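Undergrad: Once you've had a glance at the structure underneath, I'll fire off some questions.
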Amino acid sequence: MIYIVLIIVIFSLEWMIKNHVEKHGDEKVNKPAFHNLILLTKFHNHGAFRGLGQKKSSIVKWVSILLTAVLTVLFVVTLGKCGKNLLKVGLSLMLGGAYSNTYDRIRRDYVVDYFRLNVKCRPIRNLIFNLSDFCIIIGALLLLFSEHH
């Protein structure tokens, strides 16, 4: 049950943040936050990571739907097994993020990204993320780690 709650919390939090960003964010402004560690910037990502597939957003949307469905099936199968808590947490994080970003792709035709890391390395500083992206990355790392333990 805790795993389903985690998915719902991630999705709900992102839904609120993304709606706030859509109403109040400015695409041309990098607003410093958290002691200047991040820059708040509204960005509509019509593709995937780093704009990949931007000109084929319908394909990106369907791939997103398919991968989210596969993860959902894996989650349901894993949920019924005893143990494997790290795997379940990883899948929950990934699904919370995947549901949010896939919802954006279906509902808005783009994903709302809203912050950058304010670091000296320009390639990293130029990447724009949302909370879902971090949940997906951390969840994937937990999945890899769970397979080695």
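Undergrad: Only one of these conditions is not met by I137: (1) over 12 Å from the mean Cα position of the chain (by Cα); (2) of a type in the set (A, V, I, L, M, F, W, C); (3) surrounded by fewer than 19 Cβ atoms within 10 Å (Cβ to Cβ). Which number is it?
TA: I137 satisfies every listed condition except (1).
Undergrad: Now for a different question. For the subset of segment 115-149 comprising residues that are in contact with an Asp or Glu (Cβ under 6 Å, 6 or more places away or on another chain) and modelled with pLDDT of 95 or more, which member is farthest from S12 (Cα to Cα)?
TA: Only one residue tops the list, namely N130.
Undergrad: Kindly list, by first and then second residue, each pair from a residue in segment 124-149 that is touching a residue at least 12 places away in the same chain (Cβ under 8 Å) and under 16 Å from G47 (Cα atoms) to a residue that is aromatic (F, W, Y) and in a helix (DSSP H, G or I), limited to pairs with Cβ atoms under 9 Å and residues at least 6 apart or on different chains.
TA: Hits for this filter: L127/F49; S132/F11; S132/Y99; D133/F49.
Undergrad: Also, quick follow-up: Anything in segment 12-42 that is among the aliphatic types (A, V, I, L, M) and under 27 Å from T102 (Cβ atoms)? List them, or say none. First the steps, then the outcome.
TA: Of the residues in segment 12-42, the ones among the aliphatic types (A, V, I, L, M) are 13, 16-17, 21, 29, 33, 37-40.
L13, M16, I17, V21, A33, I38, L39, L40, listed by residue number.
Undergrad: So, one more: Of T102, T72, which residue is among the polar types (S, T, N, Q) and over 14 Å from the mean Cα position of the chain (by Cα)? Full working, then the answer.
TA: Details: T102 fails: over 14 Å from the mean Cα position of the chain (by Cα).
Just a single option satisfies the conditions, and that option is T72.
Undergrad: For residues in segment 62-92 being closer than 27 Å to Y110 by Cα and touching a Ser or Thr at 6+ places or on another chain (Cβ under 8 Å), which is surrounded by the most Cβ atoms within 10 Å (Cβ to Cβ)?
TA: Going through the qualifying residues, I end up with L91.
Undergrad: Additional query: Might you let me know whether segment 1-9 holds any residue that is over 24 Å from R105 (Cα atoms) and more than 17 Å from the chain's Cα centre (by Cα)?
TA: Yes, there is a match, as at least one residue in segment 1-9 is over 24 Å from R105 (Cα atoms) and more than 17 Å from the chain's Cα centre (by Cα).
Undergrad: Outside any helix (DSSP H, G or I), β-branched (V, I, T), surrounded by fewer than 12 Cβ atoms within 10 Å (Cβ to Cβ) and modelled with pLDDT under 95 - does that describe any residue in segment 20-32? Give the steps one after another, and end with the answer.
TA: Let us first name the residues in segment 20-32 that are outside any helix (DSSP H, G or I), namely 25-32.
If we keep only those that are β-branched (V, I, T) as well, we get 29.
Still in the list and also surrounded by fewer than 12 Cβ atoms within 10 Å (Cβ to Cβ): 29.
Retained after the next criterion (residues that are modelled with pLDDT under 95): 29.
Among the residues of segment 20-32, at least one is outside any helix (DSSP H, G or I), β-branched (V, I, T), surrounded by fewer than 12 Cβ atoms within 10 Å (Cβ to Cβ) and modelled with pLDDT under 95, which makes the answer yes.
The values are calculated or read from the model by the stated rules, or taken from the named source; none is laboratory data. It should be emphasised that the depicted structure is a prediction, and the values quoted were computed from it without experimental measurement. When we count neighbours, we look across all protein chains shown, and the Cβ atoms used for this are built from the backbone with ideal geometry, even at glycine.
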